[in-house]
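Everything on this sheet refers to the single structure shown next.
Every number here is computed from the coordinates shown, using simple stated rules; none is lab data. Quick caveat: nothing in here was measured; it's all calculated off a predicted structure. Quick reminder, even Gly has a Cβ in these numbers, built from the backbone with ideal geometry, and neighbours come from all protein chains shown.
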Amino acid sequence: MTPKSRWQDRDPRFGEEQGRYEHPIPSRDFILKSLADAKRPLGFDTLCDSLGVRDRGVKQALGKRLGAMVRDGQLLLNRAEEYCLLDRLAVIAGVVTGHRDGFGFLAPDDGGEDVYLSFRHMRTLMHGDRAAVRVTGIDERGRREGSVVEVLERRTREVAGAFFQEGGVGFVVPDNKRHSHRIVIPPKMRSGAKPGQLVVVEIVEPPTEHAPPVGRVSRILPEGGAAQTAIELAVAGHGLPHEFPAAVLREARRFGREVGGKDIGHREDIRSLPLVTIDGEDARDFDDAVFAERTRSGFKLLVAIADVSWYVRPGQALDAEARARATSVYFPSRVIPMLPEELSNNLCSLMPKVDRLCMVAEMNVTRAGKVTRTRFYSGLMRSAARLTYNKVAAALVDRDPATVRELGELLPRLECLREVYDALRRNREERGALDFEAAEMKVLVDEAGAVTDIKAYPRNDAHRIIEECMIAANVEAARFLKKHKLPALFRIHGQPDEERVADLKRFLSLRGLFLETDGELEPLKLQRMLRTVSDRPDLAVIQNAVIRSLPQALYQPLNIGHFGLALEEYAHFTSPIRRYPDLLVHRAIRHALEGGSAGDFVHPPREMELLGQECSQRERRADEASREVVAYLKCEFMSQRIGEEFDAVATGVTNFGVFVQLKNLQVDGLVHVTALGSDYFQFHEQDRTLVGERTKQRYSVGDEMRVRLTRVEPSDRKIDFELVGKTAGGFHPRRAKREGRRSK
């Protein structure tokens, strides 16, 4: 073999593979190029010959990489056991989302339009699986419809739900309604489960075209507090990784509990600056600290972020686990962290009075709120204090004497931060960023896991100070990455599509509001409209309608800007302890600071695309799990209040009833059409109202009502009410004109 025939010489990314792994193997890019050059599918042995791989150990590792590329949708293994390029097969790879009614959708990896999967094609799939499908046509609703070519990866390993037995056959009905299959449990795999008990089952046989999935009861959930039950159901139902492997814990513990001398290196020492962290009272990890001082042209603002990328390196078990989780998951009484506590709550937490490694964004901010110059660098810091939002607001806004005395010398620095915020806020308003100032609702749980209250926590100026500082740092991180042309993940928020904008304009017009649009919707015009309704009683309803019209924010390497913040570039830089995209951004910034380029970055563009898809999907998974737990606990809280009356507002109207939300609790439920009164109600699609044939009583979004709680079903997250009385109507132009004529 001549030296040029060695795969190590021909693989352009061999240097990166060598840096990441002790025993490097051909890179994904090299494998894809070799298959493209072959112009035909290749079996494993033929592919090894094509790559020039001879070593037995390298062949074994290559087999694992090829398996991972199949799971990621980069390759397809056909029935002849040959590896194929998907773009040559006219098939689409993506993640399956199930629906409670049995059908589903495949979200393509390339971000294109979802593919509808009928009940028949969903028989072999479960929610969360990765699959390759072929588009077979367009259904009656104009959606692309597909058929399954191959199941790329079975991602559902556990399911939680209630165990039942009928006719001697045991089965589990999943709690997560996106799983429409019942899981069959053979007698020898029931582990003593009794009908009605909540259990977690391990999937031992996936579904086929002719048979449902088969499972084994791995544990029976204890009849304890509601919080524990809800979290167990969510963790299993959404497949959330919740236990750290031994290798991950070993890596985390080897760093110790203090910053070592070898970690400091050539970092800038900023320990003399009184940086502070400002978080909620119950925060346990502190990943951002701030400092500001006045300059001739405005301010110098420092945002220091825990340097997680120094500890979590590519190729390590820590990095693989962080990638698999992608985000920390927050529940009312528990947090499932992305990183082990040795890092998240200690070495990477910017605790007061201890040395910590950080990545710093140092920005010059004008009095008009524009950032004119930014410098990123690795630093060594020591937080001067761990402050809370309430304490900072008490000093800056309320001027509470005791708090002012307690903060002492830190108060002038906080006042300077307030001035920076005022400047950044002016800039935010000028560019048209959207603002939704709803209070955060928290479900409070006692030590036994029982729900004690649902309480609103309004935002104050301290929240807003930190938010604007973090947004400024995120913008500058995105600009830095763009300038250095590095593969990285931007946080993108696209334009609302034409259909959603039309629906929003129609909804607003029924409430007497006009939304100006010339072609694409502009954030500034949307912001101006929202300002005009800031003192209206139906503000929350209007804000919810606007939010529903907007697309979901995503992570991707292609920057298209952030519509909601009215920014041309935006990335997540400020929370690497709890978000994997932030860790990737830090990794890219460090690479550039050390003289690296896009060509030799450890994450090539194609891998970054996959990482964006993974992080976006896992963020949605975490959000869904959190919402399900909160909904379950709200049901538990309300189950003790059946028969009580509440003030509510209508949030949605359908042909079968009115959806309402209780004021001050943000608990959602349904007033079924049969509970609206003794009448026949007709649903008017155009203005989404229910109108009684006999009484002419009209129900619309925004109507205020008095309702009585009649039924609660925690397992289905359903709450039913009946109407006691309607206290105020929504905005109806025709009725307004009629009432105007009467007054004349």
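Numbers below:
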{"read-out": "Extension gain from residue 693 to residue 341, taking 0.36 nm per residue of separation minus the Cα-Cα distance", "value": "120.5 nm"}
{"read-out": "Entries in 442/663; 39/64; 370/455; 64/188 that, when Cα-Cα distance is taken, lie over 26 Å", "value": "370/455; 64/188"}
{"read-out": "Ordering of 173-184, 451-462, 467-478 by packing [mean C-beta count within 10 Å, highest first]", "value": "467-478, 173-184, 451-462"}
{"read-out": "Size of charge dipole - the stretch 158-221 - debye, nearest 20, with Cβ of Lys, Arg +1 and Asp, Glu -1, no other charges", "value": "200 debye"}
{"read-out": "DSSP-loop GluC sites (Glu not before Pro) across the stretch 1-92, with at most 15 other Cβ within 10 angstrom", "value": "22, 81"}
{"read-out": "For 635, 416, order by how many other beta-carbon atoms lie within 10 Å, fewest first", "value": "416, 635"}
{"read-out": "Cα-derived Rg over Rh, computed across the stretch 498-549 with Rh taken as Kirkwood radius", "value": "0.92"}
{"read-out": "Estimated FRET transfer efficiency when R0 is 30 angstrom, pair residue 525-residue 655 (beta carbons, to 0.05)", "value": "0.35"}
{"read-out": "Those residues of the stretch 74-113 whose amide nitrogen sits under 14 Å from the label point placed on residue 497, 7 Å along Cα→Cβ", "value": "106-108, 111-113"}
{"read-out": "Label point 7 Å beyond Cα of residue 516 along Cβ direction - residues of the stretch 528-569 with amide nitrogen under 18 Å", "value": "528-534"}
{"read-out": "Rounded to the nearest 20 debye, dipole of the stretch 302-412 from Cβ charges on Lys, Arg, Asp, Glu", "value": "340 debye"}
{"read-out": "Restraint check, 300/482; 696/726; 634/718; 262/482; 634/726, Cα-Cα greater than 20 Å", "value": "300/482; 262/482; 634/726"}
{"read-out": "Full-stretch length increase - residue 355, residue 724 - with 0.36 nm per residue and alpha-carbon distance subtracted", "value": "126.8 nm"}
{"read-out": "Computed E for residue 208/residue 281 - FRET, C-beta separation, R0 51 angstrom, nearest 0.05", "value": "0.50"}
{"read-out": "Relative exposure of 248, 303, 541, judged by other C-beta atoms within 10 Å (fewest first)", "value": "248, 541, 303"}
{"read-out": "Euclidean distance between Cα centres, the stretch 164-188 to the stretch 71-90, Å", "value": "34 Å"}
{"read-out": "The chain - mean residue ellipticity at 222 nm from DSSP helices (-39,500 (n - 2.57) per run, n ≥ 4, rounded to 500)", "value": "-10000 deg cm²/dmol"}
{"read-out": "For the stretch 90-153: Kirkwood Rh in Å [reciprocal of mean 1/r, alpha carbons]", "value": "11.2 Å"}
{"read-out": "Dipole of the stretch 348-434, positive direction: furthest Cα of 369, 388, 401, with charges on the beta-carbon", "value": "369"}
{"read-out": "Relative contact order %, the stretch 90-153, counting alpha carbon pairs below 8 Å whose residues are six or more apart", "value": "32 percent"}
{"read-out": "Check: the chain dipole with +1 on Lys, Arg Cβ and -1 on Asp, Glu Cβ, in debye", "value": "700 debye"}
{"read-out": "Two-site FRET efficiency, residue 40 against residue 18, from Cβ-Cβ distance with R₀ of 41 Å, rounded to 0.05", "value": "0.85"}
{"read-out": "Positive dipole terminus of the stretch 429-550, leading residue within 451, 496, 533 (C-beta point charges)", "value": "496"}
{"read-out": "Alpha-carbon centroids, the stretch 200-233 and the stretch 427-448: separation in whole Å", "value": "34 Å"}
{"read-out": "Computed lengthening from residue 90 to residue 547, 0.36 nm per intervening residue step minus Cα-Cα distance", "value": "161.0 nm"}
{"read-out": "Label-point separation, residue 442 to residue 685 (7 Å along Cα→Cβ), nm", "value": "4.5 nm"}
{"read-out": "Loop-resident sites, the stretch 75-114, for trypsin sites (Lys or Arg not before Pro), counting at most 13 other Cβ within 10 Å (DSSP)", "value": "79, 100"}
{"read-out": "Cα centroid separation - the stretch 140-158 against the stretch 664-696, whole Å", "value": "37 Å"}
{"read-out": "Relative contact order of the chain, defined on C-alpha pairs under 8 angstrom at six or more residues apart (%)", "value": "9 percent"}
{"read-out": "Mean Cβ neighbour count within 10 Å, used as a protection proxy, ranking 219-225, 236-242, 124-130 highest first", "value": "124-130, 236-242, 219-225"}
{"read-out": "Area projected by the alpha carbon convex hull of the stretch 3-87, averaged over all directions, nm²", "value": "5.5 nm²"}
{"read-out": "Ranked by how many other beta carbons lie within 10 Å on average, peptides 64-71, 227-234 from highest", "value": "227-234, 64-71"}
